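First comes the structure, then the notes that go with it.
The values are calculated or read from the model by the stated rules, or taken from the named source; none is laboratory data. This structure is a prediction, so every number in the text was calculated from the model and none was measured. Ideal geometry is used to build each Cβ from the backbone, glycine not excepted, and the neighbour counts take in all protein chains shown.
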């Protein structure tokens with residue numbers, strides 16, 4: 001039996017509107033009244049109509065794809081951000097394509113930034129060269145940012161967020177507070193380290209170079225920081241540490257526990273990000289919660305606005321939250 005494809009005119013007839021109105025509801029619903037949208041959407045459901053996206057994209061000279069450039073797809077931090085992006089782009093008729101920048105060379109990145117490949121980019125990697133992205137397709141930066149690239153940014157105030165972690169530990173009574181940073185040159189590393197230093201200085205607390213350990217956001221970096229912390233004389237060790245990522249905090253906790261160190265009785269630990277698993281480790285990790293899904297949703301909304309030619313604020317700062325769990329406590333008496 002021959003299948004007859006439902007046409008847009010069938011939807012228009014059932015909804016009692018013009019085909020142009022149906023098209024507007026499907027491509028730009030904000031332009032149509034709520035009652036009309038409801039009538040068209042009901043007719044679409046009843047008829048089973050599916051737009052011919054290939055024809056629409058060809059007509060509008062677009063690819064129908066948005067590329068997200070992610071620095072490490074194995075990092076669970078990015079999963080909810082990508083989910084937030086997809087939740088906005090899908091209903092708007094765009095496909096989300098994801099590229100891992102660690103496995104893609106510079107030439108490959110230039111391919112992604114071509115109008116024939118994508119209608120826009122959402123850049124989540126601040127280490128990319130600005131010249132590889134500048135002037136090719138519309139883009140928005142999310143979470144991280146490229147310092148020399150002029151583009152709308154959706155992010156948190158990383159310095160202030162780091163200050164929340166320091167304030168929490170200082171309020172508990174800690175006076176020797178260390179920090180494990182992210183990779184050298186990373187914008188998040190720099191902002192979180194600066195925020196930590198400023199918060200400690202504001203409370204008159206020391207921040208010697210021996211209290212700063214270099215990391216790279218990974219579990220292994222946390223384990224390396226644990227080895228350095230354990231190598232210090234017990235009466236000189238920081239009684240609390242802030243980490244530039246949850247993964248490093250988890251690596252640290254696991255490593256010191258294997259040496260008989262108790263968290264938080266012997267050392268308090270604060271992470272950064274609030275990835276899903278940290279509420280389920282022992283002890284559950286105190287951390288700075290980033291609004292992962294909101295970062296993705298707002299970044300996608302900003303990009304759609306740019307594609308529609310709508311101006312907007314260059315910087316969108318989303319709020320964070322200190323989530324207090326079991327990995328922090330007052331220092332032991334005498335420490």
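Residue 188 satisfies every condition listed in (1) closer than 16 Å to residue 327 by Cβ; (2) under 21 Å from the mean Cα position of the chain (by Cα); (3) crowded, with 20+ Cβ neighbours inside 10 Å except (1).
Working carefully through the options 231, 221, find the one that is buried (at least 24 other Cβ atoms within 10 Å of the Cβ) and in the same structural domain as residue 287 (by TED's automatic domain parsing). Spell out the reasoning first.
Numbers: 231 fails: buried (at least 24 other Cβ atoms within 10 Å of the Cβ).
Being buried (at least 24 other Cβ atoms within 10 Å of the Cβ) and in the same structural domain as residue 287 (by TED's automatic domain parsing) holds for just one of 231, 221, which is 221.
So, in segment 47-79, of the ones that are assigned to a helix (DSSP H, G or I) and touching a strand residue (DSSP E or B) at 6+ places or on another chain (Cβ under 6 Å), which residue ends up modelled with the lowest pLDDT?
Of segment 47-79, the ones assigned to a helix (DSSP H, G or I) are 47, 53-59, 77-79.
Checking the rest, the ones that are also touching a strand residue (DSSP E or B) at 6+ places or on another chain (Cβ under 6 Å) come to 77-78.
Values: 77: 89, 78: 93.
Here the residue is 77.
Restrict the check to segment 190-198 and report whether at least one residue is outside any helix (DSSP H, G or I) and over 20 Å from residue 257 (Cβ atoms). If you could, list the steps in order and put the result at the bottom.
Initial filter on segment 190-198 (outside any helix (DSSP H, G or I)): none.
The answer is no; no qualifying residue exists.
Within segment 199-209, the only residue that satisfies the criterion of being touching a helix residue (DSSP H, G or I) at 6+ places or on another chain (Cβ under 9 Å), surrounded by fewer than 15 Cβ atoms within 10 Å (Cβ to Cβ) and in a helix (DSSP H, G or I) is 202. All conditions but one from (1) within 20 Å of residue 128 (Cα to Cα); (2) assigned to a strand (DSSP E or B) apply to residue 178; the one that does not is (1). Taken across segment 80-97, residues that are modelled with pLDDT under 90 and closer than 24 Å to residue 184 by Cα do not occur at all.
Looking only at residues in segment 83-98 that are within 24 Å of residue 130 (Cα to Cα) and touching a helix residue (DSSP H, G or I) at 6+ places or on another chain (Cβ under 6 Å), which one is surrounded by the fewest Cβ atoms within 10 Å (Cβ to Cβ)?
Within segment 83-98, the first condition is being within 24 Å of residue 130 (Cα to Cα), and the residues that meet it are 85, 96-98.
Okay, now just the ones that are also touching a helix residue (DSSP H, G or I) at 6+ places or on another chain (Cβ under 6 Å), so 85, 96.
On the way: 85: 29, 96: 19.
If we take residues in segment 83-98 being within 24 Å of residue 130 (Cα to Cα) and touching a helix residue (DSSP H, G or I) at 6+ places or on another chain (Cβ under 6 Å), then 96 is surrounded by the fewest Cβ atoms within 10 Å (Cβ to Cβ).
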